[in-house]
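Encoded as structure tokens, the structure appears first; notes follow it.
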Amino acid sequence: MKLIFLGPPGAGKGTLAAKAVDIVGVPHISTGAIFREAIAAKSELGLKVKAIIDAGKLVDDDTTIALVKERLAQADTQKGYILDGFPRTIPQAQALAGFSVVEKVINFDIPDSGVLERLGGRRVCRKCGFNFHIVFNKPTTEGVCDHCGGEVYTRDDDRPEAVQKRLEVYRAQTAPLIDYYRQQGVLLDIDARPAVDEIVTEFKRSLGF
Ligand code: AP5
Ligand code: MG
């Protein structure tokens with residue numbers, strides 16, 4: 001199954017995707033995670049995108065589209081994928097339509113207050129990328145990932161100024177994708193406010209798993 005997870009920053013896309021991979025049996029592809037790995041590796045891509053991401057802006061369409069096109073050419077995506085954080089602009093969605101046919105777009109519906117609460121307390125594993133939260137999903141030992149023992153840190157783009165910018169960018173450039181995909185008849189709205197387990201149940205129900 002070919003799925004897109006669409007929603008504002010901090011809506012819980014990465015958290016649900018980590019659970020959905022076992023339900024759907026397809027890889028989780030997060031453009032944000034790919035960029036963060038490139039930044040950590042100090043690769044050419046990482047050096048190019050670090051300042052943009054830290055400021056809460058979008059990486060340019062050409063770079064992002066090329067990255068996803070290459071990733072979707074790999075064999076493990078033949079049965080499908082969960083694209084988390086791509087597309088984020090209409091040109092990205094149009095480009096994607098040229099190399100893959102998306103089946104469903106899950107639209108994570110959450111007010112700004114929920115986003116601020118989630119991003120304000122998020123902590124991320126530097127090694128495996130798992131998303132913790134200081135209230136809703138604490139690591140057993142502070143600062144240490146339960147899954148791989150990696151260091152748990154606060155993302156640079158979770159600073160309040162960057163979060164405001166990401167919300168502005170979401171409204172201006174990404175939210176128009178809701179109508180774009182609704183008109184194509186592939187959009188499924190999901191209430192992203194409840195606890196993770198409830199969202200997983202709703203996700204399974206709406207997709208027939
Ligand atoms: P990206 O990494 O995609 O960031 P984002 O879209 O801003 O989304 P987040 O990862 O912040 O939130 P999420 O929805 O995954 O929430 P999470 O599950 O962590 O992109 C980062 C940057 O890369 C972009 O700003 C841009 O610069 C660049 N980029 C990426 N893709 C791009 C593209 N296509 N084009 C151009 N540039 C691109 O949850 C958040 C917190 O809430 C966690 O602490 C979690 O534990 C907690 N939580 C989750 N669900 C629940 C729940 N149900 N109840 C309680 N707590 C919950
Ligand atoms: Mg994420």
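What follows draws every value from the coordinates through simple rules; no lab data is involved. None of the values given here were measured: they were computed from a predicted structure. Every residue, glycine as well, gets a Cβ built from its backbone with ideal geometry; the counts of neighbours run over all protein chains shown.
Listing for the model above:
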read-out: The chain, helix-only ellipticity at 222 nm - DSSP H runs n ≥ 4, -39,500 (n - 2.57), divided by all residues, nearest 500; value: -13000 deg cm²/dmol
read-out: Isotropic mean projected area of the C-alpha convex hull, region 1-138 (nm²); value: 8.5
read-out: Computed Kirkwood radius, in angstrom, where 1/r is averaged over Cα pairs of region 83-209; value: 16.5
read-out: Fraction of beta bridges assigned by DSSP in the chain that are antiparallel (%, nearest 5); value: 30
read-out: Under-5 Å amide H pairs with Asp189, H placed in peptide plane, nonlocal only; value: Asn107
read-out: Burial ranking of peptide ranges 124-131, 27-34 (average Cβ count within 10 Å, highest at the top); value: 27-34, 124-131
read-out: The chain: relative contact order in percent, alpha carbon pairs under 8 Å with at least 6 residues between; value: 30
read-out: Mean Cα-pair separation over length for region 24-108, i.e. relative contact order, pairs under 8 Å, 6 or more apart, %; value: 38
